[in-house]
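Below is one structure, written out as structure tokens; the observations come after it.
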Amino acid sequence: LRQLSGPYDVIHDDGWFGAQPSYYDELARLLRPGGALVMSNWFLLEHALTGDSPVDWSQFAGPRWTNDIQVYARRLVSDERFDVSFIQRPAMALAYKR
């Protein structure tokens, strides 16, 4: 990502959201003001909040995945660079860069 110059109008991040990705700040850097960051795979947040998960995500995301995904969601919504909405079906987050 550091080799990309941007800015981009839309970035789609279809990564793993068991925790905040290491490239999070690079995505913010690459997105132009007024651009949209589309993030898939937020079903993990629902699973963490409800405790109702069809899969034991700890084998993939570690034993603290429920905490890690909630910490990331709180960081995302409190990031002053973005206005964020979560969509339940399909489970995704949309962030508009201010």
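Applying a threshold of 8 Å to beta carbon distances and a minimum spacing of six or more residues, or different chains, the list of pairs starting in region 11-31 at a residue that is more than 22 Å from residue 62 (Cβ to Cβ) and ending at one that is at pLDDT 95 or above and assigned to a loop (DSSP other than H, G, I, E, B) reads 28/79; 28/81; 30/7; 31/7. The set of residues in region 25-34 that are surrounded by 18 or more Cβ atoms within 10 Å (Cβ to Cβ) and either touching a helix residue (DSSP H, G or I) at 6+ places or on another chain (Cβ under 8 Å) or in a strand (DSSP E or B) (or both) contains only 31. Only residues that are in contact (Cβ under 8 Å) with a residue 24 or more places away in the chain, open to solvent by 50 Å² or more (accessible area, probe 1.4 Å) and of a type in the set (D, E, K, R) were counted in region 69-98, giving 3.
When region 52-61 is examined, which residues are found to be touching a residue at least 40 places away in the same chain (Cβ under 8 Å) and exposed (fewer than 13 other Cβ atoms within 10 Å of the Cβ)? Lay out the reasoning, then the answer.
Within region 52-61, the subset touching a residue at least 40 places away in the same chain (Cβ under 8 Å) is 60-61.
Hit for region 52-61 is 60, nothing else.
Taking the numbered list (1) in a loop (DSSP other than H, G, I, E, B); (2) open to solvent by 30 Å² or more (accessible area, probe 1.4 Å) in turn, residue 66 passes all entries but (1).
The values are calculated or read from the model by the stated rules, or taken from the named source; none is laboratory data. Keep in mind it's a predicted model, so treat the numbers as computed, not measured. No Cβ is skipped: glycine too gets one built from the backbone with ideal geometry, and neighbour counts run over all protein chains shown. For accessibility, only protein heavy atoms count, side chains too; no ligands or nucleic acids. Shrake-Rupley method; radii C 1.70, N 1.55, O 1.52, S 1.80 Å.
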